[in-house]
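Working notes, structure below.
The values are calculated or read from the model by the stated rules, or taken from the named source; none is laboratory data. What you are looking at is a predicted structure, and each value in this text was computed from that prediction instead of being measured. As a convention, Cβ positions derive from the backbone with ideal geometry for all residues, glycine included, and neighbour counts pool all protein chains shown. Accessible surface is based on the protein model in full, side chains and every heavy atom, while ligands, DNA and RNA are left aside. Shrake-Rupley method; radii C 1.70, N 1.55, O 1.52, S 1.80 Å.
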Amino acid sequence: MATRWGLCGAGKISNDFSVALKTLPPGDHQIAVVASRSLERAQEFAKRHGIPKAYGSYEELASDPDIDIVYVGVLHTQHWKVGLLFLKAGKNVLCEKPFAMNSRQVQDLVAAAKRNDVFLMEAIWSRCFPVHAEVRRLLAEEAVGEVKLVKAYFGSPQLHIPRSVAKELGGGALLDIGVYCLQFVLMVFRGERPLSIQASGVLLDSGVDESVVVALKFSRNRIAFCAFSISARLPNDAVICGTKGSIKVLGPMHCPTTLVVNDKETEYPLPEPSLPMNFTNSTGLRYEAEEVRQCLLKGLKESPLMPLAESVLLTEVMDEIRKQVGVVFSQDSQ
Ligand SMILES: NC(=O)C1=CN([C@@H]2O[C@H](COP(=O)(O)OP(=O)(O)OC[C@H]3O[C@@H](n4cnc5c(N)ncnc54)[C@H](OP(=O)(O)O)[C@@H]3O)[C@@H](O)[C@H]2O)C=CC1
Ligand SMILES: O=C1OC[C@@H](O)[C@H](O)[C@H]1O
C-alpha cells in the first residue's frame with residue numbers, strides 16, 4: 001500500500017518534493033492532494049504534477065481522511081500555525097526546516113504531536129542521505145579516531161530572494177541555511193548539548209542576519225566551527241577532524257553526493273529529475289520521504305535519524321545564536 005502524501009503549499013520546495021517522489025516506486029509513494037491558499041495555484045500545481053486533488057485551503061487538507069502524512073512546504077513563519085492545524089487534526093506531519101521560528105514554537109509542535117499521538121519530523125533531509133549514513137557508520141567505528149574538531153560552512157548568495165531578507169518572512173542566514181551546519185555538528189556529537197556557544201554576526205538593514213560565525217564547545221575538549229551567509233559564496237563543505245584522520249563531506253554538504261575519508265573519495269549519485277527543480281540536488285528529498293514511509297510502517301511517532309528532542313535542542317542553539325547576534329522576530333514575544 002503506497003504512503004499517501006498531502007502537500008501543504010504549492011511553492012518551490014513542494015515542487016521539488018513532488019519531483020523527488022517521482023523517483024521512488026509509485027507503489028510506495030503517492031501524492032494524493034496539494035493545498036494552497038490559492039485554489040488556482042493548487043490546481044495549476046496539481047495539473048503540472050499529476051496530483052488528483054487540489055484544495056484552496058489548508059483546512060480542507062487537514063480534514064481529508066485519505067492521506068497518511070502532510071508535507072509542510074510553506075514559509076518558516078507559517079510552520080507553527082499550519083503544523084498545529086494538522087497535528088490537532090490527527091495528521092502525521094513532515095515539516096520543512098527550520099521547524100519553526102523559535103524553540104517555544106517547536107515545543108508547541110512536539111507537544112501537539114504527543115497529545116494527538118501522531119508522527120512528527122523536522123525535514124532535515126540531509127540526515128537521510130547515504131553520505132550522512134556513511135558518516136554515522138564511520139564515526140560509530142571510530143574510523144578517524146577520537147573526533148576533536150568539526151567545521152561546517154554554508155554560503156548561498158540569495159539577497160535577491162524576498163523570504164531570505166525580509167524579517168516578516170523569517171529571513172536571515174541562520175534559520176534558512178545555518179541550520180544545516182548546526183544540525184551536522186549535533187549529528188557528529190550525537191545530540192550532545194554544547195557547553196558553550198560564541199557567535200558573531202552582521203545584520204542587514206532589515207534586522208536579519210546576513211553572515212554569522214559560531215564556535216561551539218563540547219565535552220572532552222571537542223569543538224566546532226560554523227560559518228554561514230546569504231551574501232558570500234562559501235565552500236559549503238563539512239570536515240570532521242579526528243586523532244587518526246578526517247572525514248570530508250564535499251559541498252553542498254546539506255545535500256551531499258561525495259564523501260572523502262582520509263583522501264579516499266566515494267560518490268553517491270542522485271537520480272535525474274523528470275521536471276525542472278528549484279534547488280540543488282532536490283531529488284535527494286526522496287531519502288527523507290522513504291525514511292518517513294519506513295517510520296510510518298513501523299508505527300513510529302518520530303524518526304531516529306532526526307529525533308524530536310534533537311530538533312528542540314537545534315532550535316535552542318539557534319535561539320542562543322540569534323540572541324548573541326541580535327536578531328529578534330515578532331514570534332519571540334507572542
Ligand atoms: N529542504 C530544502 O532543501 C529546502 C527547504 N526549504 C524550506 O521550505 C520552505 C518554503 O521555501 P520555498 O519553497 O522556497 O518558499 P516559496 O517562496 O516557494 O513559498 C512556499 C509557500 O509558502 C507560502 N507563502 C509564500 N509567501 C508567503 C507569504 N508572504 N505569506 C504567507 N504564505 C506565503 C505559499 O503557500 P501557498 O501556495 O499556500 O500560497 C508558497 O507556495 C521554507 O521553510 C524553507 O526553509 C526551501 C528550499 C529548500
Ligand atoms: O534549505 C535550503 O537550501 C538551499 C537554500 O538556497 C534555501 O534557501 C534553503 O531554504
C-alpha long axis of helix 285-297 to longest principal axis of the chain, angle in °: 70 degrees
Percent RCO, i.e. relative contact order, over the range 194-312, from Cα pairs under 8 Å lying at least 6 residues apart: 11 percent
Local electrostatic count at L234 - Lys and Arg +1, Asp and Glu -1, tallied over other residues with Cβ under 15 Å: -1
Förster radius 56 Å - calculated FRET efficiency between E59 and N262 (Cβ-Cβ, nearest 0.05): 0.55
Carbon plus sulfur fraction of accessible area for the range 258-334, probe 1.4 Å, in percent: 53 percent
Cut-off 15 Å between beta-carbons: net charge of the residues surrounding Q294, Lys and Arg +1, Asp and Glu -1: -1
The chain: Cys lacking any partner C-beta under 4.7 angstrom: C8, C95, C128, C241, C255, C295
For q = 0.18 Å⁻¹, Debye-computed log10 I/I(0) when each Cα of the range 163-311 counts as one equal scatterer: -1.35
Cα-based Kirkwood hydrodynamic radius, the chain, one decimal, Å: 20.1 Å
Accessible surface of the range 68-187 [probe 1.4 Å, protein heavy atoms]: carbon and sulfur percent: 54 percent
Computed helical MRE - 222 nm, the chain, DSSP H runs ≥ 4 contributing -39500 (n - 2.57), nearest 500: -9500 deg cm²/dmol
Probe 1.4 Å, accessible area per residue of the range 177-262, Å²: 40 Å²
Shape call, the range 66-168: gyration tensor on alpha carbons, a/c limit 1.5: oblate
Around W5: net Lys/Arg minus Asp/Glu count, Cβ-Cβ under 13 Å: 0
For the range 10-134: accessible area per residue (Å², 1.4 Å): 36 Å²
Global geometry of the range 131-227, whether rounded, prolate or oblate, following the gyration tensor of its Cα atoms and the 1.5 cut on a/c: prolate
Accessible area in the full protein assembly, largest first, 1.4 Å probe, for K167, K298, K217, K91: K298, K217, K167, K91
Rounded tilt (10° steps) of 308-325 against the dominant C-alpha axis of the chain: 60 degrees
Using alpha-carbon coordinates, inclination of helix 39-49 to the longest axis of the chain, degrees: 70 degrees
Too-long pairs where the Cα-Cα distance tops 23 Å, listed order kept, from K88/K301; K47/K88; K22/K53; K53/K91; K88/K323: K47/K88; K88/K323
